[in-house]
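S.K.: I am attaching a structure below and will ask some questions about it afterwards.
Every number in this text was worked out from the coordinates using simple rules, so none of it is lab data. Please read all numbers here as calculations on a predicted model, not as lab measurements. Cβ sites come from the backbone with ideal geometry, for glycine too, and all protein chains shown count toward neighbours.
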């Protein structure tokens, strides 16, 4: 499903970004992909299920319908080999299904294979994991490659004359998380469950033919639901690609008309523009095109002049290094290359040391977790002490750009001054411009570089990445004229506001899909599923 919107001035701008049109239709599509949600208020286990089972159903435990249970095999690392037998781990159980990815293989004897082999109709239950994931389960289906299971899982073999494996698996998907979260033991950061705890899991059991009918109905409704979810995921992917295209065009001078293009139109129309650089003449005696507007080069020189004039100790002033342009591509007419150091002061915040810093003013400060792409989250901020001589050094002013040094290096947002007296810590670079510069333009540039992998080459560290000050200040930035920066930012924000609105609709419908899935399962295990009029519906 393509997602495009035609801008009002796209025919005039020369933008290389595919237009994002029909936003209202996209909103309707995203909302109608999923139908009316069930109003059932039953909990996953059913608030009254032990009293209100349908006629012919009965309460049993999983152990009562199990033929056997067995913990998986443990083997040392030396037993793992690419030519061995597939061994299912806890990572291979997801959403009630076996997920065939990142498969480990091990060499086993025929006796070990017979003892630990998984057969069609077996149920695999995860017994060691984080508390919210322990107890997840999946049925072993026919056609799966021959495999065994590792020690963090339990194989449950059911009495096939009493219970359908798929029926029990869906029951665990519906009610297992609550049951096992309440009953698991905590062991060194991980939760674990035992075979007896699995055996006590409560199971509302209808006759076998009714179980098979319920399983068929669940799978029919899940298939329809997944079709809607797939469509929503497709919209998400299209929106992500569109956002990337907008940022790319913005940073390459193709999103809005450049100052040079506008100046040419004025010259050709005869409207004329008073030249900025008197005396610069072309051969025919007319003012050169670059003299009719402030170019990026002019802007850079103006910023450098302000930088030099406002330096605290001018006797020690050192000219900042420009970028290495030998490997950089061409820029649009009127743009120039600059380094971050040329246009802004970059400073890390205060190091957090609770034991050392116990005097001064206790103030709120931002961590890198508070800096999201394009926005600052102030709902969860911490406090630490700042001495009087640190207040100005680590303060924030509206228009400062905050850039993450670690975590997700390069992630950036503009500080809007919403909380007076806010400070910042060492995991963040504060970028404060020497002269007039559009802060949002730098944020969009950093997002473009980060999302395309071009920023990562400047990070240090093999496992934990850092964006050091030395690397950051040397970053080359394509510098357009100031007026063009303003138009670029306005157009990016206009387009991305539509993207973000659509993303919110899609996310809401994906959450709705999860609730619909739970509703289907709730109805299944209270005997209500299968009446078409009452079942949650999907619209095509």
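S.K.: Over the Cα atoms of the range 292-480, what Rg and Dmax result, in angstrom?
M.R.: 17.2, 59
S.K.: Once you keep just the Cα pairs under 8 angstrom separated by 6 or more residues, what percentage relative contact order results for the range 307-385?
M.R.: 23 percent
S.K.: Ranked highest first by the average count of other Cβ atoms within 10 Å around their residues, in what order do 314-320, 445-451 fall?
M.R.: Ranked by mean Cβ neighbours within 10 Å, highest first: 445-451, 314-320.
S.K.: Here's something else I'd like to know. For Cα pairs less than 8 Å apart in space and 6+ apart in sequence, what is the mean separation divided by the residue count of the range 415-540, i.e. the relative contact order in percent?
M.R.: Across the range 415-540, relative contact order equals 17 percent.
S.K.: Also, I was wondering about something else. Evaluate the distance, in nm, between pseudo-label points positioned 7 Å from the Cα of residue 452 and of residue 119 along their respective Cα→Cβ axes.
M.R.: 5.8 nm
S.K.: Kirkwood hydrodynamic radius, computed over distinct alpha-carbon pairs, for the range 136-232: how many Å, to one decimal?
M.R.: After inverting the mean inverse Cα-Cα distance, the result is 15.6 Å.
S.K.: Can you pull the Rg over Rh of the range 58-205, Cα-only, Kirkwood?
M.R.: Here the Rg-to-Rh quotient is 0.96.
S.K.: Now for a different question. Would you mind ranking 113, 73, 93 so that the residue whose beta carbon has the fewest other beta carbons within 10 Å leads the list?
M.R.: Fewest-to-most Cβ neighbours within 10 Å comes out as 113, 73, 93.
S.K.: Separate question: Estimate the FRET efficiency between residue 208 and residue 112 by the formula 1/(1 + (r/R0)^6), using the beta-carbon distance for r and 35 Å for R0, to the nearest 0.05.
M.R.: 0.60
S.K.: For 434, 180, what's the fewest-to-most ordering of other Cβ within 10 Å of each Cβ?
M.R.: In increasing order of surrounding Cβ atoms, one gets 434, 180.
S.K.: Here is a follow-up. log₁₀ I(q)/I(0) of the range 99-176 at q = 0.21, 0.24 Å⁻¹, via Debye over equal Cα point scatterers, no solvent, to two decimals?
M.R.: One equal scatterer on each Cα of the range 99-176 leads to -1.07, -1.30.
S.K.: Go through 472-480, 55-63, 230-238 and give me the packing order, highest mean Cβ count within 10 Å leading.
M.R.: Put in order of decreasing packing, that is 472-480, 230-238, 55-63.
S.K.: OK, next. Give me the one-decimal nm value for the distance between modelled label points at residue 223 and residue 252, 7 Å along each residue's Cα-to-Cβ direction.
M.R.: 4.4 nm
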